[in-house]
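Quick one: the structure is below, and I'll ask about it shortly.
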Amino acid sequence: MAIKMIREAILETIDAEMARDESVIMLGEDIVGGNGAPGGPEAIGGIWSTSTGLWAKYGPDRVIDTPISESAIIGAASGAALTGKRAIAEIMFADFIGVCMDQIWNQVAKFRYMFGGKSTCPIVIRMVYGAGFNAAAQHSQSIHAMVTAMPGLKVVMPSTPADAKGLLTQAIRDDDPVIFLEHKALYAVKGDVPDGEYLIPFGHARHVTQGDDITLLATGMMVGFAEKAAKQLAEDGIGCDIIDLRTTSPLDEEAILDSVERTGRLLIVDESPPRCSLATDLSAIVANKAFASLRAPIEMVTAPHTPVPFARELESAYLPSPDKIVTAATRLMSYKRG
Amino acid sequence: MQLSRDALLKAYRQMKTIRAFENRLHDEIALGEIAGFTHLYAGQEACAVGVCEHLGPKDYIISTHRGHGHCIAKGCDVVDMMKELYGSREGLCKGRGGSMHIADVNVGMLGANGIVGAGAPIAVGAGISAKATGHVSIAFSGDGACNQGTTFEAMNMAVVLKVPVIFVYENNHYSEHTGVDYAVGADSILDRAGAFGMKTFRADGTDFFAVYETMREVIEYCRTTKLPAAVELDTERYFGHFEGDPQRYRGPGELDRIREERDCLKTFREKVTEAKLLDGADIDAVDAEVEALIDRAVAEAKAAEKPKPEHVLEDVYISY
Ligand SMILES: Cc1ncc(C[n+]2csc(CCOP(=O)(O)OP(=O)(O)O)c2C)c(N)n1
Ligand SMILES: [Mg+2]
């Protein structure tokens with residue numbers, strides 16, 4: 001075990017997988033940083049510091065700096081993956097999925113199905129998502145709902161350094177296309193990371209805290225918010241069962257249903273807007289499969305049905321927060337059947 | 001054609017306003033006053049002003065993530081811009097857009113843009129509108145944006161539809177940290193633009209007069225033929241790609257050199273004073289006036305009303 005930041009865990013995992021398997025390549029914009037500039041390659045080493053040093057180690061054939069061309073990045077990565085490589089594509093901000101949507105949605109996600117199960121496309125699309133930096137409407141979005149809705153993609157949302165390592169190792173070795181979502185506000189979060197080979201299979205949620213009163217479902221940055229809220233709620237004697245989904249596709253339904261059957265109350269925290277969202281999806285599953293266990297209507301703390309605003313006050317109003325979670329939890333606990 | 005004294009003073013004032021605005025933002029950002037991701041335009045002023053001095057309110061421009069200069073040049077209110085960057089409710093976009101989405105459609109400025117390459121296709125549509133009224137539409141793009149498929153599609157469509165769109169490529173030699181020679185495969189951006197079937201032009205983007213005279217020709221051509229054209233302006237960016245960029249990709253002494261030898265404000269002053277079109281005192285007076293304006297903008301922005309939580313819900317729709 002060693003204490004590491006999420007960004008370090010990600011860099012080291014990519015490094016380890018590239019060392020282990022020659023077929024692993026990586027593509028993205030400015031992931032080398034300095035190509036064609038006086039300072040030379042690696043002058044910067046990736047704006048998120050998740051690719052620093054890889055070019056020097058693995059060379060330009062495996063660590064590929066691209067022009068600003070998201071469609072061609074995903075296309076090239078998937079084409080390489082269809083023909084024998086394991087490709088890691090970096091989309092600097094998840095919002096840019098808008099530019100390469102066809103390649104992801106109509107191509108990558110569907111190859112295997114359309115081709116009669118004869119192809120494999122081991123591609124990991126790493127995307128940096130989330131609000132918290134006042135980066136406004138086109139650099140702050142959470143896009144997990146739309147990719148979770150796409151059959152053929154697996155969707156991963158780590159919230160700790162250990163999970164980042166275990167899930168990214170799994171993602172790179174997985175033979176299916178994986179969307180790997182890295183929250184920009186979590187990169188500097190520190191935690192214990194297991195040494196050596198460490199894989200976390202997809203579809204296994206992480207039980208963050210145990211409690212008997214409320215099941216709290218969260219992903220990414222929302223997990224930490226849920227933990228903060230749970231501490232406050234514990235002071236009032238309310239116990240939260242926090243489940244970090246880790247992967248939204250596949251989804252660990254069993255962990256969710258087991259917990260709700262025990263607590264009888266569900267609160268979902270979701271960073272994206274509420275319509276056709278992860279929150280509504282989870283609540284539909286629970287309403288359908290654990291209806292008899294529910295002692296109160298399902299509560300959801302989400303962003304509003306708006307784009308992400310710029311100003312500090314507006315972004316705070318937009319984002320879920322520990323306080324908003326506490327308020328919803330209190331409402332949930334005080335619910336009485338009329 | 002010789003510019004009038006007033007026109008010269010106005011052009012200089014616009015460039016100086018952009019420079020002072022950006023220099024001041026650089027300081028305010030370092031103090032933690034301003035949130036978000038900010039890309040400063042200092043160094044490239046002659047491009048925005050050399051283009052926009054030919055435009056009226058019914059001509060359209062669309063900008064990039066580095067949009068403050070284009071805004072000012074097209075006539076956006078400087079105080080309201082500053083208020084926007086300070087996240088005020090009184091800001092140009094009510095504090096919802098910030099630097100990357102700063103816009104004022106009422107003056108024909110269709111927005112900065114957070115998505116590299118998103119502007120050019122929109123400019124084609126604005127060009128369809130502009131064509132009907134004898135105006136033009138300008139798509140400002142960087143040397144990095146020109147590699148985006150959207151930009152290629154827009155150029156081809158403008159040629160096919162015969163729309164008066166001018167694709168202005170501000171080549172500051174870098175897209176983020178990557179050099180233009182790495183990312184643009186062709187010998188030049190204009191080779192590609194030309195291959196789409198449009199006329200191409202080139203000018204020194206650190207010399208107002210070079211840009212202005214070239215753009216006179218380009219705009220006249222586009223207004224009369226109602227066809228698209230492309231312009232490459234060779235220019236320099238003085239600050240980092242974004243505020244906080246360590247700029248290690250630059251060569252030794254590069255920043256000093258471009259600030260010394262490729263400063264559009266210095267070049268302007270030298271040219272107009274040598275030709276005795278303006279004297280040093282005229283320019284100093286503009287400098288003082290502009291510094292006062294920026295001081296006032298910052299003071300007003302700091303005092304301006306902040307948005308309230310409920311304002312997050314406004315303007316998603318017109319009716320819903
Ligand atoms: C679709 C998309 N891809 C990537 C980015 C990240 N990004 C922002 S600016 C930039 C470089 C743009 O370079 P250039 O077009 O030359 O403009 P400059 O920054 O030099 O003004 C990149 C890669 C983005 N904002 N949008
Ligand atoms: Mg550039």
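The values are calculated or read from the model by the stated rules, or taken from the named source; none is laboratory data. From a predicted model like this one, the values you see are computed outputs, not experimental measurements. We place every Cβ from the backbone using ideal geometry, glycine too, and count neighbours over all the protein chains shown. Note: areas computed on protein heavy atoms with side chains; ligands, DNA, RNA excluded. Shrake-Rupley method; radii C 1.70, N 1.55, O 1.52, S 1.80 Å.
How large is the accessible surface of A:D175 in square angstrom, using a 1.4 angstrom probe and rounding to the nearest 10?
80
Would you please classify the overall shape of region B:189-320 from the alpha carbon gyration tensor, given that a ≥ b ≥ c denote the square roots of the eigenvalues, rounded means a/c under 1.5, and beyond that prolate means a/b larger than b/c while oblate covers the rest?
Numbers: a/c = 1.56, a/b = 1.16, b/c = 1.35.
In terms of gyration-tensor shape, oblate.
Quick one: which residues, 5 or more positions from B:I138 or on another chain, have an amide H under 5 Å from its amide H? H modelled 1.01 Å from N in the peptide plane, none for Pro or chain starts.
B:Y60, B:I61, B:I62, B:I166
Can I ask one more? Over 22 Å between C-alpha atoms is what I'm after, so list which of A:K118/A:K154; A:K85/A:K118; A:K85/A:K110; A:K4/A:K231 land there.
Checking Cα-Cα distances, A:K4/A:K231 exceed 22 Å.
In bins 10 Å wide, starting from 0, what share of all Cα pairs of chain B does each bin hold, as a percent?
For chain B, the pair-distance distribution reads 6, 27, 35, 24, 7, 0, 0.
Note down the net charge around A:H207, summing +1 for each Lys or Arg and -1 for each Asp or Glu among other residues with Cβ under 11 Å from its Cβ.
Working: positive: A:R206, A:R246; negative: A:D241, A:D244, A:D252, A:D258.
Overall, the nearby charge balance is -2.
Now for a different question. Please list 3J(HN,Hα) in residue order for region B:103-113, calculated via the Karplus relation 6.51 cos²θ - 1.76 cosθ + 1.60 where θ = phi - 60°; whole Hz, with x for glycine and proline.
The phi angles translate into 7, 8, 4, 5, 9, x, 9, 8, x, 5, 8 Hz.
Oh, and also: Run the 1.4 Å probe and let me know the accessible area of A:W55, rounded to the nearest 10 Å².
The accessible area comes out at roughly 70 Å².
Using modelled amide H (1.01 Å from N, peptide plane; none on Pro or chain starts), what sits under 5 Å from the amide H of B:K199, excluding residues fewer than 5 places away?
Those qualifying (amide H under 5 Å, at least 5 residues apart or on another chain) are B:A230.
Among rounded, prolate and oblate, which fits region A:2-193 when a ≥ b ≥ c are the square roots of the eigenvalues of its C-alpha gyration tensor, a/c under 1.5 means rounded, and a/b larger than b/c means prolate?
Cα axes put region A:2-193 in the rounded bin.
Right, another one. Give me a single rounded figure for A:135-141: the average over its residues of other chain Cβ atoms within 10 Å of their Cβ.
Numbers: counts 7, 12, 6, 8, 8, 3, 0.
Across the residues of A:135-141, the mean count of other-chain Cβ atoms within 10 Å is 6.
Oh, and also: Hydropathy first: keep DSSP H helices in chain B averaging at least -1.0 on Kyte-Doolittle, then drop any whose Cα extent along the axis falls short of 30 Å, and list what survives.
Helices meeting the span and hydropathy rule in chain B are B:5-30, B:280-303.
How much net charge surrounds A:E227 when only the other residues with a Cβ under 13 Å from the Cβ of A:E227 are counted, with Lys and Arg +1 and Asp and Glu -1?
Numbers: positive: A:R206, A:K228, A:K231; negative: A:D241, A:D244.
Around A:E227, the surrounding residues sum to +1.
Nearest 10 degrees, 0 to 90: what angle lies between the long axis of helix A:6-20 and the longest principal axis of chain A (Cα atoms)?
50
Each residue of region A:98-108 in order: what ³J(HN,Hα) in whole Hz does its phi give by Karplus 6.51 cos²θ - 1.76 cosθ + 1.60, θ = phi - 60°, with x for Gly and Pro?
x, 6, 10, 4, 4, 4, 7, 7, 8, 9, 3
As a test of the formula, what do you get for chain A when each DSSP H run with n ≥ 4 contributes -39,500 (n - 2.57) and the sum is divided by the residue count, at 222 nm and rounded to the nearest 500 deg cm²/dmol? Mind showing how you got there, number by number?
Details: 11 runs with 113 residues, N = 338.
Dividing the helical sum by the residues of chain A leaves -10000 deg cm²/dmol.
Now, a different point. Once the dipole of region A:2-193 is set up with Lys and Arg at +1 and Asp and Glu at -1 on Cβ about the Cα centre, which of A:G33, A:P122, A:G98 lies farthest towards its positive end?
A:P122
About the Cα centre of region B:232-320, how large is the charge dipole given +1 on each Lys and Arg Cβ and -1 on each Asp and Glu Cβ? Please answer in debye to the nearest 20.
Working: 14 positive and 24 negative charges, 52 e Å.
Here the size comes out at about 260 debye.
Further question on the same structure: Divide by every residue of chain B the summed helix terms, -39500 (n - 2.57) for each DSSP H run of at least 4, and state the resulting mean residue ellipticity at 222 nm, rounded to the nearest 500 deg cm²/dmol. Don't skip to the answer; put the middle values down first.
Working: 12 runs with 149 residues, N = 320.
My calculation for chain B gives -14500 deg cm²/dmol from helical runs alone.
What angle, in degrees between 0 and 90 and rounded to the nearest 10, separates the Cα long axis of helix A:221-235 from the longest principal axis of the Cα atoms of chain A?
30
Same structure, new question: Let a ≥ b ≥ c be the square roots of the eigenvalues of the Cα gyration tensor of chain A; is it rounded (a/c under 1.5), or, if not, prolate (a/b larger than b/c) or oblate? Walk me through the numbers before you get to the answer.
Details: a/c = 1.87, a/b = 1.69, b/c = 1.10.
Taking the square roots of the gyration eigenvalues as a ≥ b ≥ c, chain A is prolate.
To the nearest 10 degrees, how steep is helix A:161-173 against the longest Cα principal axis of chain A, on a 0 to 90 scale?
For helix A:161-173, the angle is close to 50 degrees.
Measure off 7 Å from each Cα along the Cα-to-Cβ vector at A:D192 and B:L31, then give the distance between these two points in nanometres to one decimal.
4.6
Let me ask another. What is the magnitude of the charge dipole of the protein assembly as shown about its Cα centre, with +1 placed on the Cβ of each Lys and Arg, -1 on the Cβ of each Asp and Glu, and no other charges, expressed in debye to the nearest 20?
Working: 65 positive and 91 negative charges, 308 e Å.
With only Lys, Arg, Asp and Glu charged at Cβ, the dipole is about 1480 debye.
Related question: With a 1.4 Å probe and all protein chains left in place, how much of the accessible area of region A:2-193 comes from carbon and sulfur atoms, in whole percent?
Numbers: 3400 of 6150 Å².
Result for region A:2-193: 55 percent of the exposed heavy-atom area is carbon or sulfur.
Put +1 on the Cβ of each Lys and Arg and -1 on the Cβ of each Asp and Glu in region A:184-320; which of A:S316, A:I242, A:T280 then has its Cα farthest toward the positive end of the dipole?
A:S316
Evaluate the charge dipole of region A:2-193 about its Cα centre and quote only its size in Debye, nearest 20, assuming +1 on the Cβ of each Lys and Arg and -1 on the Cβ of each Asp and Glu. Please report the intermediate quantities before stating the final value.
Numbers: 16 positive and 21 negative charges, 75 e Å.
The dipole of region A:2-193 has a size of about 360 debye.
Once region A:206-334 is represented by equal point scatterers at the alpha-carbon sites, with solvent omitted, what log10 I(q)/I(0) does the Debye formula produce at q = 0.12, 0.17 Å⁻¹?
The computed values of log10 I(q)/I(0) come out as -0.40, -0.81.
So for chain A, taking the charge dipole from beta-carbon charges (+1 Lys/Arg, -1 Asp/Glu), which of A:G132, A:L294, A:S259 sits furthest toward the positive end?
Ranked along the dipole, the leading option is A:L294.
Cβ under 15 Å from B:K162's Cβ, B:K162 left aside: what net charge do those residues give with Lys, Arg +1 and Asp, Glu -1? Could you put the intermediate results ahead of the total?
On the way: positive: B:K131, B:K199, B:R223, B:K226; negative: none.
My count for the surroundings of B:K162 gives +4.
Name the residues of region B:246-272, by number, that are at least 40 Å² less accessible with every protein chain in place than in the isolated chain; the surface is that of heavy atoms, probe 1.4 Å, without ligands or nucleic acids.
Buried by the other chains: B:R248, B:Y249.
Give the interface area between chains B and A as buried accessible surface, both sides summed, probe 1.4 Å, in Å² to the nearest 100. Let's see the in-between values first.
On the way: alone 13960 and 14300 Å², together 24810 Å².
Counting protein atoms only, the buried area is about 3500 Å².
Can you give the Kirkwood hydrodynamic radius for the protein assembly as shown, in Å, rounded to one decimal and based on Cα pairs? Walk me through the numbers on the way to the answer.
On the way: mean 1/r = 0.0380 Å⁻¹.
That comes to 26.3 Å for the protein assembly as shown.
Now a separate question. Carbon and sulfur together cover what percent of the accessible area of chain B at a 1.4 Å probe radius?
Carbon and sulfur together cover 53 percent of it.
Which are the unpartnered cysteines of chain B, meaning those with no other cysteine Cβ under 4.7 Å from their Cβ?
Unpaired cysteines in chain B: B:C47, B:C52, B:C93, B:C146, B:C222, B:C264.
Quick one: what are the phi-derived ³J(HN,Hα) couplings along region A:25-41, Karplus 6.51/-1.76/1.60 with θ = phi - 60°, whole Hz, x for glycine and proline?
Each residue of region A:25-41 in turn: 10, 9, 10, x, 7, 6, 6, 8, x, x, 4, x, 10, x, x, x, x Hz.
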